[in-house]
Amino acid sequence: MKKLFVVLLMGALLVSAQGLVFAEAVGVTEPITITFWHARGSTVDAEWLANSINKFNATNTLGITVEGVYQGYFSDVQAKTLASIAAGDPPTIAEISCTAIPVLATQDLLVDLTPYVERDGFDMDNIVEAVSDYIYYDGQIITMPYTRGTAIMYYNKDMYAEVGLDRAPTTLEELNHYAKLIYENSDGAVKGIGYTIEANYYQHYLVQSLNGMGILDADGSGASCLEDGSLLQFLTDWFEWTEEGWCAVPALSSASSVVQENFNNKSLAAFVSSSNRATTISNNAKANGINLGMAFTVGYGGYSAPIGGGSLGIINRGNTDQEIAAAWEFMKFLMTDEQVAGNHVATGVLPATYSSIETDIIQECWAENEGYKLSYEQLDFASEIRFSPYVSEWSSIVKSAMSQLIQGRNITPEEVVQNLKDEAAALF
Amino acid sequence: MHSKYTGFKLRRLAVSGISFTFKLFMLVLFLFPFYWMIVTSFKTYGGSIVFPPTLLPHTFTLEAFEQVFTRLNLWNYLKNSVIVTVAVIVIQTLIGVPAAYAFSRYSFKGRGIMLALVMAAFMVPTQITFITVYIMMSKLRWLNTLLPQIVPFGASAYGIFLLRQAFMQVPTDIIEAARLDNAGEIKIMTRIMLPAAKSSLMTVTLFSFVGSWNSYFWPLVMSNAEKVRPLTLAIERLKDQDAGINWPVIMAGNMIMVLPVLLIFLLMSNKIISSMGYRGIK
Amino acid sequence: MAKIEFLDVHKSFGSAKVIENLNLTLEDGKFNVLVGPSGCGKTTLLRMIAGIGPATKGQILLDGEDVSNIPPGKRGVAMVFQSYAIYPMMTVRQNIEFGLKNNRVPKAERERRISEVSQVVGLAPYLGRKPSQLSGGQRQRVALARAMVKEPKVFLMDEPLSNLDAKLRGAMRSELVQLHKQLKTTFVYVTHDQVEAMAMGDCIILMDQGKIMQQSDPETMYRDPNNIFAAQFIGTPPTNIVEIGSENFKLGFRPETIILSANAGPDRAFTRRVKIMTREMLGAETFYKLCLEDGQEAMARLTNSSLAEGDTLYLQVDEDNLYFFDAKGNRVRKTGSQHYDAMVERVKRSHES
Amino acid sequence: MPYVMVAPAMTFLLVFTFYPLANLVYLSFFRYNLISDKVFIGLTNYRNLLFVKKDFIQALKNTALYSFAVVFFTILLAILFALWLEKDSKINRFLQKSMFTPYLIAMVSTAYIWSWMFDVDSGLLNAALAFVKLSPLRWLNDSSLAIWCIVIVSVWKSLGYYLLIVLASLKSIPSEIIEAAELDNTPWLRKFFRIILPMISPQIFFLLITITISSFKVFDSVRVMTNGGPGNATDVLVTYIHRYAFQMNMRVGYASAAGSLLLGILMILTVFYFRFAGRRVHYQ
């Protein structure tokens, strides 16, 4: 099925003829300014990125100046980028989420980096395999991993120890059992576990541990989780957990920060969040005197984890060869060991190259803080949502449906699944 | 008969007492949120999430304001808000006044249709037209400039309509007297019509001001770069996605945005209130 | 049927005192006319009776009962407003019926009264119309009918004819007088028009600056004014007031009592040489503006139209037609004043000197 | 001469209001995402909106509920407050000013302030509930309460302005009419329904139209306070159109169809008002 899909897409591209233009790698010949749109808004992220950009601007010998523009969440970057491409005035390079890459790639909006990779002898094999899925499309190299992350379980070690678990849970069943205990022991003051709603991320891996696929099929053009009962089971369970009280109902806006707030004021014992927030979360935990544990995320019957986050892509429309070449230089800079390792240590995003892992920066960090190492190790069994042009819209629909059930609480899981079936029929 | 009405005054007294208490309650209801914004902005983050909340900051701090200024290039947003607002007011006046004058004082072919168009435009929300205006702006490559926030508002249907009403109230005799005194059209407009329509003009200006300064939806859609975004979009930037919502910082940002409007209102409240009321009568 | 009494009534709007310490009795069943220049407080008095502009201090008695704390709708008064104040959204019938409904008058009774009243004022064919479809005179009748139908103890009217054209006004005037004769209730009628007041009132209350200047029947008001204000307010042209040398009193005489002749008759009380300044021929009568030798002016109203501008003649007035006023403007009458004869003497001599 | 004077205004209106409107309707028949080529698909977008997808109907229902509630409560309260504050006194003037203040403030600011007060964990309203020993509410997180929270904020923000308009219209009633009613011994309620309300009906009618139209345009408060959630419990037409036009792969054609439907609704409402409500309005 997947192959057929790719063939169809290729056909479409051939017909449109734009896919036939192969860019040649050029060199930057004169001073140039390029814009970089990103979603790195949190304090540590912004600080690290500002350092990166300043360093690149100061050290590159080609006269390239990068101007970083924070555009909000990943969804905002996606929307603004698409809109600006249509407007003919896009950024040169952007941090694009995994859900957005297929949307841009299938419309042939990303520069094929192959000529540059070949020209500069960039070692593609150095890229960590687990985060290389979204690099290739249709035989081209379209992105470089930048802020890839996986979901991690953050938990309050002391609280779990109090109810008799002196290690992290290894299955969902175990996690739930202890979460319940914590809740009951505190007379309902402390919730055992909390999730935010990230349909293509945390919830995806929970469904995946049931049906091996998650919320979207392997070929990216269907959602059999609706039919095989896995989504219904997960939704019923989740609703039940929140009903019983030990699983926190996510807040409507800024859910992720509310979850952390609750964790920090000790009314929540554990939550699942991106490894990309590891630094922020560790700092806050330390400040609040919390014995923070980081652990593999668990699904039904064992470990299960998603991969997500963002990659760097260069926009091919509305940019000159010079701008594209300059963006490639910047991209290459961000892929240097020092930058990759620094990015990982400073913020928690996954290290994307094997060589960066060998650096002292990372090795020292890992020796001190096993949580960062653990996020990398989790990649062994983590998986990404399928590369599909539907992923963006579908996950938005699923997210809204989950919100209706878990936050709105005025609908049954069966109704949610039925509604999703209708939506799926309209979408796929 | 007599005793029947002795309660008349007593009852009135009781009613006015209850009425007064309720008025105080309403004052709190409408002013307290502003107070809350101000107080929160002077609290520390820790002080802001204490439950139950305190009516005064435990420790009075300007930390939140410092954060606003370090995290945002506030002058950029402020500058954009000011430029857009001033430009919109000026252009709307320059375009609206002659149109309203022509509609009120001349009869010409197509006047009826044009007036109907103005009325229709008054009913059409920008929240519908934004998609296609966006496409237009993108084709003009204006999205990295302030123009999309200014130019589409060049003509205010509402302003034209209101000014026309005001101009029509000016007695024809005065205009004819001015013509006999050999005054040109421009002189009639600026020396007779505008002073006569001062109250309406003020209302229109105030609405333009409030509309542009407070506009959120339009710049959200029509800006692609930070350098063209107004204050209304700045507050969003004060939310840290990853850490908790720092309400003092958000309220501090909010205060900076609200303050100019509140100041203008405090200085001119009587005029503003009476010109608003005037609008209602028409 | 009601007698209306004002006892020590004060009224102020903010800091402006409009009426101070006013005492007044309006007799039962009379057509009372409150007349005076605008701002004299006549409408204020009317609104006090109605209860829609209560007195600041003092009592108002209706048939001896203090009504100060009785709401307007329960005083048994009806009012016709200058602007008519008919309800624009109601038909003529609804307008007339509204007050009756509020007072819970049974339906049959309402029907009877409405048809009766609409017959009287001639509105029967228009009962279904909206006020906007009526002429000014018809609206006025609606206002009247609305007041009449309530069968009030007191009828209050605030310049009800001022918005009508001259011809209609004349007709309505006599209709109102007739109406009063039929109803025999107390009417209180406010006007600034002295002609209207004279033509309609049984009892005229002349006011100025919140004070009652004179209260009397029209005849007395005209023939026997209490003060310069009354003498000058009533009558057209107003009473002439002249000063006599350096005397501390003033002399008044109505323009129609003037005798103009080439030779001064010997036995007239007041004689002056005058020159005709202007002449206004009005048909039956002619107004002459006269200039006395000492520069004072007087108006004469004569049937003789043969005199011409520039003529120099003798102005004479009989003693009976002279009014004497003291320095404050109050009338000095023959009875009750020992100075009267001396004043007449001084006037007679003033010409010879 | 008059043509020269109206030409700039008419040009602006044609270019930025009427051409975009026509274009909007045109685009609604296409599959188009700004980048791709336009593909004519007839009424498919409309079919998807109305019969296939459930979210548009939900957004429509939310908008209708919101608009109805805002129109009803704003007008009701504006009239009640106007009657109550009609007398010209210092405290009344001050109260009018205070109530008007929120109208001048950006909806974004207002929404942030109220979000903060609605905050479940450390918000003022839950603190107040706790103070009177009531259990806290989930406010914006509660799917049945959230839309009412947004209604409250909207009414709170604009009540003062509409109050001023109603006050002015009350003052334009000739005082004699009210006095005549008093002399007619009219009970309070009847005086209001038979005299005052008909007299101010043109202004109320005007408010009805403007508030309805502005309610259908609601966006800022929803975006800041709930972003349409929980689920799509507070999703309204404009957030819906915005989402499809600028997220969701920029489905401009689809969003245009939604916009065209919104336009249609506004037109029908306006005509309805003028036809039916207009008949009952008293014009002097």
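The values are calculated or read from the model by the stated rules, or taken from the named source; none is laboratory data. Remember, it's a predicted structure, so these values are computed and weren't measured experimentally. With ideal geometry, Cβ positions are generated from the backbone for all residues, glycine too; neighbour counts draw on all protein chains shown. Surface accessibility is based on the protein's heavy atoms, side chains included, excluding ligands, DNA and RNA. Shrake-Rupley method; radii C 1.70, N 1.55, O 1.52, S 1.80 Å.
Here are a few things to note about the model shown:
- Spatial offset of the range C:128-168 relative to the range A:182-226 amounts to 81 Å, using the alpha carbon center of each.
- Three-way shape label, chain B, alpha-carbon gyration tensor, a/c 1.5: oblate
- Angle in degrees between helix D:107-118 and the longest Cα principal axis of chain D, rounded to the nearest 10: 80 degrees
- Per-residue Karplus couplings for the range D:249-264, computed as 6.51 cos²θ - 1.76 cosθ + 1.60 with θ equal to phi - 60°, are listed in order as 6, 6, 7, 5, x, 4, 4, 5, 4, 4, x, 5, 5, 4, 4, x Hz, Gly and Pro entered as x.
- Nonlocal amide H pairs with A:Ser274, under 5 Å, H built at 1.01 Å: A:Ile152
- Accessible surface area normalised per residue over chain C is 45 Å², counting heavy atoms of protein chains with a 1.4 Å rolling probe.
- Per-residue SASA entry for C:Asp158, accessible area with 1.4 Å probe, Å² rounded to 10: 20 Å²
- When the listed pairs C:Lys101/C:Lys181; A:Lys266/A:Lys373; C:Lys74/C:Lys130; B:Lys139/D:Lys38 are checked against a 19 Å cut-off, the alpha-carbon distance exceeds it for C:Lys101/C:Lys181; A:Lys266/A:Lys373; C:Lys74/C:Lys130.
- Net charge contributed by nearby residues that have their C-beta within less than 14 Å of A:Thr359 (K/R +1, D/E -1): -4
- Distant-in-sequence amide contacts of C:Tyr84, defined by a placed amide H-H separation under 5 Å and a gap of 5 or more residues or a different chain, comprise nothing.
- Loop-located GluC sites (Glu not before Pro) in the range C:1-108 (DSSP state other than H, G, I, E, B) with a sparse environment of at most 15 neighbouring Cβ atoms within 10 Å: C:Glu27.
- C-alpha center-to-center spacing [the range A:103-178, the range C:229-285] in angstrom: 117 Å
- Aspartates and glutamates whose Cα lies under 18 Å from that of A:Lys286, excluding same-chain neighbours fewer than 8 positions away: A:Asp158, A:Glu261, A:Glu368, A:Glu370, B:Asp242
- For chain D, excluding the exposed loop sites themselves (chymotrypsin sites (Phe, Trp or Tyr not before Pro), DSSP loop, at most 11 other Cβ atoms within 10 Å), the longest remaining stretch covers D:1-275.
- Summed over both chains, the accessible area lost when B and D associate is about 7800 Å², using a 1.4 Å probe.
- Listed by chain and number, the lysines whose alpha-carbon sits under 17 Å from that of D:Lys157, ignoring those within fewer than 8 places in the same chain, are D:Lys97, D:Lys217.
- Residues of type lysines that D:Lys54 reaches as a straight line, Cα spacing below 16 Å, ignoring anything fewer than 8 places off in the same chain: A:Lys399, A:Lys421
- Between A:Gly309 and A:Cys98, A:Gly149, the built amide H atoms are under 5 Å apart, and every one of these is 5 or more places off in sequence or on another chain.
- Long pairs among C:Lys150/D:Lys191; B:Lys79/B:Lys198; B:Lys271/D:Lys171, criterion Cα-Cα beyond 23 Å: B:Lys79/B:Lys198
- When nucleic acids and ligands are ignored and a 1.4 Å probe is applied, B:Thr21 ends up with an accessible area of around 90 Å².
- Net charge of neighbours whose Cβ lies under 13 Å from the Cβ of A:Ala382, counting Lys and Arg as +1 and Asp and Glu as -1: -4
- The phi torsions of the range A:406-412, fed into the Karplus equation with coefficients 6.51, -1.76 and 1.60 and a -60° offset, translate into couplings of 7, 8, x, 6, 10, 7, 8 Hz, rounded to whole numbers, with Gly and Pro shown as x.
- The C-alpha atoms of chain C define a longest principal axis, and helix C:107-121 lies at about 30 degrees to it.
- DSSP beta bridges fully contained in chain A are about 65 percent antiparallel.
- The protein assembly as shown: calculated mean residue ellipticity at 222 nm from DSSP helix runs of at least 4, using -39500 (n - 2.57): -16000 deg cm²/dmol
- Taking the C-alpha atoms only, the angle from helix C:136-148 to the longest principal axis of chain C is near 70 degrees.
- Sequentially through the range C:232-243, phi angles give Karplus couplings (6.51, -1.76, 1.60; θ = phi - 60°) of 8, 6, 9, x, 10, x, x, 4, 6, 10, 10, 9 Hz, Gly and Pro residues having no value and appearing as x.
- Membrane-span-like helices in chain A, defined here as complete DSSP H runs extending at least 18 Å along the helix axis by their C-alpha atoms with mean Kyte-Doolittle hydropathy no lower than 0.0, are A:2-16, A:74-87, A:321-334; this is a sequence and geometry rule, not a statement about a membrane.
- Just the protein heavy atoms count here, and of the accessible area of chain D at 1.4 Å, carbon and sulfur take up 67 percent.
- Relative packing of peptides C:8-14, D:171-177, A:413-419 - highest average C-beta neighbours within 10 Å first: A:413-419, D:171-177, C:8-14
- Cβ-defined net charge surrounding A:Asp123, 15 Å radius [Lys, Arg +1; Asp, Glu -1]: -4
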